[in-house]
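**Student:** Mind having a look at this structure? Questions to follow.
The values are calculated or read from the model by the stated rules, or taken from the named source; none is laboratory data. Values in this document were obtained by computation on a predicted structure and should not be read as measured data. As a convention, Cβ positions derive from the backbone with ideal geometry for all residues, glycine included, and neighbour counts pool all protein chains shown. We work out accessible area using only protein heavy atoms, side chains counted, and drop any ligands, DNA or RNA first. Shrake-Rupley method; radii C 1.70, N 1.55, O 1.52, S 1.80 Å.
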Amino acid sequence: KAGVTQTPRYLIKTRGQQVTLSCSPISGHRSVSWYQQTPGQGLQFLFEYFSETQRNKGNFPGRFSGRQFSNSRSEMNVSTLELGDSALYLCASSLARGQETQYFGPGTRLLVL
Amino acid sequence: DQQVKQNSPSLSVQEGRISILNCDYTNSMFDYFLWYKKYPAEGPTFLISISSIKDKNEDGRFTVFLNKSAKHLSLHIVPSQPGDSAVYFCAASPAGGTSYGKLTFGQGTILTVHP
(Lines give C-alpha, C1' and ligand atoms only; values in the text may rest on other atoms or scores of the structure.)
Protein backbone atom coordinates (compact mmCIF):
# COMPACT_ATOMS: atom_id res chain seq x y z
CA LYS A 1 0.00 0.00 0.00
CA ALA A 2 1.39 3.40 -0.93
CA GLY A 3 2.32 5.70 1.92
CA VAL A 4 1.39 9.30 2.55
CA THR A 5 2.59 11.56 -0.23
CA GLN A 6 3.21 15.29 -0.08
CA THR A 7 3.87 17.78 -2.85
CA PRO A 8 5.92 19.72 -3.46
CA ARG A 9 8.89 18.48 -1.44
CA TYR A 10 10.68 21.81 -1.46
CA LEU A 11 9.46 25.34 -1.91
CA ILE A 12 11.04 28.78 -1.78
CA LYS A 13 8.79 31.82 -1.38
CA THR A 14 9.24 35.45 -0.43
CA ARG A 15 7.57 37.33 2.40
CA GLY A 16 4.00 38.33 1.69
CA GLN A 17 3.35 35.56 -0.81
CA GLN A 18 1.00 32.67 -0.21
CA VAL A 19 1.60 28.95 -0.58
CA THR A 20 -0.49 25.81 -0.97
CA LEU A 21 0.78 22.39 0.07
CA SER A 22 -0.84 19.11 -0.86
CA CYS A 23 -1.17 15.80 0.96
CA SER A 24 -2.54 12.46 -0.26
CA PRO A 25 -3.27 10.05 2.59
CA ILE A 26 -2.83 6.30 2.66
CA SER A 27 -5.67 4.64 0.76
CA GLY A 28 -8.61 4.12 3.10
CA HIS A 29 -7.43 6.65 5.65
CA ARG A 30 -10.00 9.37 6.22
CA SER A 31 -8.28 11.60 8.75
CA VAL A 32 -5.49 13.98 7.78
CA SER A 33 -3.53 16.01 10.31
CA TRP A 34 -0.97 18.72 9.59
CA TYR A 35 2.07 19.61 11.66
CA GLN A 36 4.78 22.23 11.50
CA GLN A 37 8.31 21.36 12.54
CA THR A 38 10.83 24.07 13.38
CA PRO A 39 14.11 23.84 15.31
CA GLY A 40 12.81 26.07 18.08
CA GLN A 41 9.26 24.78 18.54
CA GLY A 42 9.56 21.15 17.52
CA LEU A 43 6.53 19.39 16.02
CA GLN A 44 3.40 21.48 16.46
CA PHE A 45 -0.13 20.45 15.50
CA LEU A 46 -1.82 22.71 12.95
CA PHE A 47 -5.22 21.12 12.26
CA GLU A 48 -7.04 17.90 11.46
CA TYR A 49 -9.62 17.12 8.80
CA PHE A 50 -12.09 14.26 8.54
CA SER A 51 -14.87 13.90 5.97
CA GLU A 52 -14.06 17.34 4.56
CA THR A 53 -14.56 18.96 7.98
CA GLN A 54 -11.99 20.54 10.24
CA ARG A 55 -12.46 18.83 13.60
CA ASN A 56 -9.51 20.21 15.49
CA LYS A 57 -7.21 23.20 15.26
CA GLY A 58 -3.92 24.06 16.91
CA ASN A 59 -2.72 27.41 18.13
CA PHE A 60 -1.74 29.02 14.85
CA PRO A 61 -2.89 32.32 13.31
CA GLY A 62 -5.69 32.48 10.78
CA ARG A 63 -3.13 32.80 7.96
CA PHE A 64 -2.88 29.02 8.21
CA SER A 65 -5.86 27.25 6.71
CA GLY A 66 -6.68 23.95 5.12
CA ARG A 67 -9.30 21.87 3.45
CA GLN A 68 -10.05 18.29 2.63
CA PHE A 69 -11.61 16.89 -0.51
CA SER A 70 -14.09 14.06 -0.91
CA ASN A 71 -11.26 11.63 -1.76
CA SER A 72 -9.59 12.53 1.60
CA ARG A 73 -6.76 14.42 -0.08
CA SER A 74 -5.95 17.58 1.83
CA GLU A 75 -4.35 20.94 1.18
CA MET A 76 -3.04 23.53 3.53
CA ASN A 77 -2.57 27.16 2.67
CA VAL A 78 -0.46 29.82 4.29
CA SER A 79 -1.19 33.40 3.27
CA THR A 80 0.97 36.49 3.74
CA LEU A 81 4.07 34.45 4.43
CA GLU A 82 6.46 35.55 7.16
CA LEU A 83 10.11 34.58 7.66
CA GLY A 84 9.07 32.56 10.71
CA ASP A 85 6.90 30.32 8.54
CA SER A 86 10.04 28.63 7.22
CA ALA A 87 9.65 25.06 8.41
CA LEU A 88 9.09 21.45 7.50
CA TYR A 89 5.35 20.90 7.04
CA LEU A 90 4.21 17.36 7.67
CA CYS A 91 0.93 15.69 7.07
CA ALA A 92 -0.17 12.45 8.65
CA SER A 93 -3.10 10.17 7.95
CA SER A 94 -5.01 7.67 10.03
CA LEU A 95 -8.13 5.52 9.81
CA ALA A 96 -9.96 7.75 12.32
CA ARG A 97 -11.54 4.90 14.27
CA GLY A 98 -10.43 5.86 17.77
CA GLN A 99 -7.00 5.34 19.28
CA GLU A 100 -4.74 4.81 16.38
CA THR A 101 -1.48 5.50 14.76
CA GLN A 102 -0.78 8.40 12.45
CA TYR A 103 1.46 7.74 9.48
CA PHE A 104 3.50 10.64 8.20
CA GLY A 105 4.46 11.79 4.76
CA PRO A 106 7.97 12.97 3.85
CA GLY A 107 7.10 16.61 4.42
CA THR A 108 7.36 19.83 2.44
CA ARG A 109 10.34 22.01 3.25
CA LEU A 110 9.27 25.67 2.95
CA LEU A 111 11.83 28.44 2.94
CA VAL A 112 10.57 32.02 3.15
CA LEU A 113 13.05 34.70 2.07
CA ASP B 1 3.50 24.45 28.69
CA GLN B 2 5.33 21.38 27.45
CA GLN B 3 3.06 18.44 28.14
CA VAL B 4 5.45 15.83 26.74
CA LYS B 5 9.10 16.07 27.67
CA GLN B 6 12.17 14.22 26.52
CA ASN B 7 14.79 15.50 28.90
CA SER B 8 17.78 13.93 27.19
CA PRO B 9 18.64 15.80 23.98
CA SER B 10 21.08 13.07 22.96
CA LEU B 11 22.16 9.53 23.73
CA SER B 12 25.24 7.67 22.56
CA VAL B 13 25.36 3.87 22.63
CA GLN B 14 27.69 1.15 21.41
CA GLU B 15 26.43 -1.26 18.77
CA GLY B 16 24.90 -4.37 20.31
CA ARG B 17 24.11 -2.68 23.62
CA ILE B 18 20.72 -1.50 24.87
CA SER B 19 19.41 1.99 24.08
CA ILE B 20 16.92 3.43 26.55
CA LEU B 21 15.04 6.57 25.59
CA ASN B 22 12.84 8.27 28.14
CA CYS B 23 9.75 10.44 27.98
CA ASP B 24 7.65 12.13 30.68
CA TYR B 25 4.20 13.62 30.35
CA THR B 26 2.09 15.86 32.52
CA ASN B 27 -1.41 15.58 31.04
CA SER B 28 -3.28 12.79 32.82
CA MET B 29 -5.79 12.72 29.94
CA PHE B 30 -3.19 11.18 27.62
CA ASP B 31 -4.02 7.52 27.09
CA TYR B 32 -2.24 6.53 23.89
CA PHE B 33 1.48 6.86 23.38
CA LEU B 34 3.67 6.40 20.33
CA TRP B 35 7.35 6.45 19.42
CA TYR B 36 8.57 7.72 16.08
CA LYS B 37 11.98 7.69 14.47
CA LYS B 38 13.00 10.56 12.24
CA TYR B 39 15.84 11.28 9.87
CA PRO B 40 16.62 14.88 8.85
CA ALA B 41 14.33 16.31 6.16
CA GLU B 42 12.08 13.24 6.29
CA GLY B 43 8.78 12.53 7.95
CA PRO B 44 8.62 10.59 11.23
CA THR B 45 8.40 6.82 10.89
CA PHE B 46 6.14 4.99 13.33
CA LEU B 47 7.94 2.49 15.56
CA ILE B 48 5.68 1.27 18.33
CA SER B 49 2.73 2.37 20.42
CA ILE B 50 1.12 1.56 23.74
CA SER B 51 -2.32 2.11 25.18
CA SER B 52 -2.76 3.17 28.79
CA ILE B 53 -4.43 -0.15 29.61
CA LYS B 54 -1.05 -1.84 29.14
CA ASP B 55 2.32 -1.35 30.78
CA LYS B 56 4.46 -3.01 28.13
CA ASN B 57 4.39 -3.58 24.40
CA GLU B 58 7.03 -5.39 22.41
CA ASP B 59 7.79 -5.51 18.69
CA GLY B 60 11.02 -7.17 17.66
CA ARG B 61 13.95 -5.21 19.01
CA PHE B 62 11.69 -2.44 20.32
CA THR B 63 9.88 -2.49 23.67
CA VAL B 64 7.91 0.36 25.16
CA PHE B 65 7.20 0.53 28.89
CA LEU B 66 4.53 2.74 30.42
CA ASN B 67 4.41 3.75 34.08
CA LYS B 68 1.13 5.60 34.48
CA SER B 69 1.59 6.53 38.11
CA ALA B 70 4.91 8.20 37.28
CA LYS B 71 3.60 9.53 33.95
CA HIS B 72 6.69 8.08 32.33
CA LEU B 73 7.37 5.94 29.30
CA SER B 74 10.54 4.52 27.87
CA LEU B 75 11.64 2.90 24.64
CA HIS B 76 14.17 0.09 24.80
CA ILE B 77 16.08 -0.95 21.69
CA VAL B 78 17.94 -4.24 22.00
CA PRO B 79 20.37 -4.83 20.40
CA SER B 80 21.14 -1.36 19.08
CA GLN B 81 22.37 -1.10 15.50
CA PRO B 82 24.12 1.75 13.66
CA GLY B 83 21.03 2.09 11.45
CA ASP B 84 19.05 3.04 14.55
CA SER B 85 20.91 6.37 14.68
CA ALA B 86 18.21 9.01 14.26
CA VAL B 87 16.03 11.40 16.25
CA TYR B 88 13.41 9.64 18.36
CA PHE B 89 10.18 11.38 19.30
CA CYS B 90 7.60 10.27 21.78
CA ALA B 91 4.06 11.45 21.21
CA ALA B 92 0.81 11.26 23.12
CA SER B 93 -2.88 11.67 22.50
CA PRO B 94 -5.94 11.76 24.75
CA ALA B 95 -9.03 9.66 24.13
CA GLY B 96 -11.50 11.17 21.64
CA GLY B 97 -13.27 14.29 22.78
CA THR B 98 -12.08 17.45 21.09
CA SER B 99 -8.53 16.25 20.44
CA TYR B 100 -9.19 14.62 17.12
CA GLY B 101 -6.06 13.91 15.16
CA LYS B 102 -3.76 15.78 17.54
CA LEU B 103 -0.54 14.22 18.71
CA THR B 104 1.54 16.13 21.25
CA PHE B 105 5.24 15.53 20.67
CA GLY B 106 8.30 15.69 22.85
CA GLN B 107 11.33 17.63 21.68
CA GLY B 108 13.16 14.52 20.53
CA THR B 109 16.30 12.62 21.51
CA ILE B 110 19.18 12.17 19.09
CA LEU B 111 20.36 8.58 19.28
CA THR B 112 23.82 7.74 17.96
CA VAL B 113 24.83 4.09 17.79
CA HIS B 114 28.57 3.62 17.32
CA PRO B 115 29.89 0.56 15.46
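**Student:** Among (1) open to solvent by 50 Å² or more (accessible area, probe 1.4 Å); (2) in contact with an Asp or Glu (Cβ under 6 Å, 6 or more places away or on another chain); (3) touching a residue at least 40 places away in the same chain (Cβ under 8 Å); (4) within 13 Å of chain B (Cβ to nearest Cβ), which single condition is residue A:111 missing?
**Tutor:** If we test residue A:111 against (1) open to solvent by 50 Å² or more (accessible area, probe 1.4 Å); (2) in contact with an Asp or Glu (Cβ under 6 Å, 6 or more places away or on another chain); (3) touching a residue at least 40 places away in the same chain (Cβ under 8 Å); (4) within 13 Å of chain B (Cβ to nearest Cβ), just (2) comes out false.
**Student:** Also, quick follow-up: Using beta carbons and a limit of 6 Å, which pairs, at least six apart or on different chains, have the first residue in the stretch A:75-98 and under 21 Å from residue A:53 (Cβ atoms) and open to solvent by 10 Å² or more (accessible area, probe 1.4 Å) and the second one in a strand (DSSP E or B) and not small (Gly, Ala, Ser)?
**Tutor:** Close Cβ pairs satisfying both conditions: A:75/A:20; A:75/A:67; A:77/A:20; A:96/A:50.
**Student:** Now a separate question. Take residue B:92 and tell me if it is more than 14 Å from every other protein chain (Cβ to nearest Cβ) and of a type in the set (Gly, Ala, Ser).
**Tutor:** no
**Student:** Would you mind finding the one in A:73, A:63 that is among the basic types (Lys, Arg) and closer than 15 Å to residue A:19 by Cα?
**Tutor:** A:63
**Student:** Residues that are of a type outside the set (Gly, Ala, Ser) and open to solvent by 20 Å² or more (accessible area, probe 1.4 Å), at least 3 per element: which strands (runs of 3 or more DSSP E) completely within the stretch A:17-72 meet that? Even if it seems obvious, please write down each step before you answer.
**Tutor:** Numbers: elements: A:19-24, A:31-38, A:42-50, A:53-57, A:64-68.
Filter on the stretch A:17-72 gives A:53-57.
**Student:** Take the stretch A:3-13 and flag every residue that is open to solvent by 70 Å² or more (accessible area, probe 1.4 Å) and away from every other protein chain (no Cβ under 11 Å).
**Tutor:** If the condition is that a residue be open to solvent by 70 Å² or more (accessible area, probe 1.4 Å) and away from every other protein chain (no Cβ under 11 Å), then A:7, A:12 are the ones that fit.
**Student:** Any residue in the stretch B:99-113 that is under 14 Å from the mean Cα position of the chain (by Cα), part of a strand (DSSP E or B) and more than 14 Å from chain A (Cβ to nearest Cβ)?
**Tutor:** Within the stretch B:99-113, one or more residues are under 14 Å from the mean Cα position of the chain (by Cα), part of a strand (DSSP E or B) and more than 14 Å from chain A (Cβ to nearest Cβ).
**Student:** So residue A:49 clears everything in (1) within 12 Å of chain B (Cβ to nearest Cβ); (2) in contact with a Pro (Cβ under 9 Å, 6 or more places away or on another chain) except one condition, right? Which one?
**Tutor:** Failing condition for residue A:49: (2).
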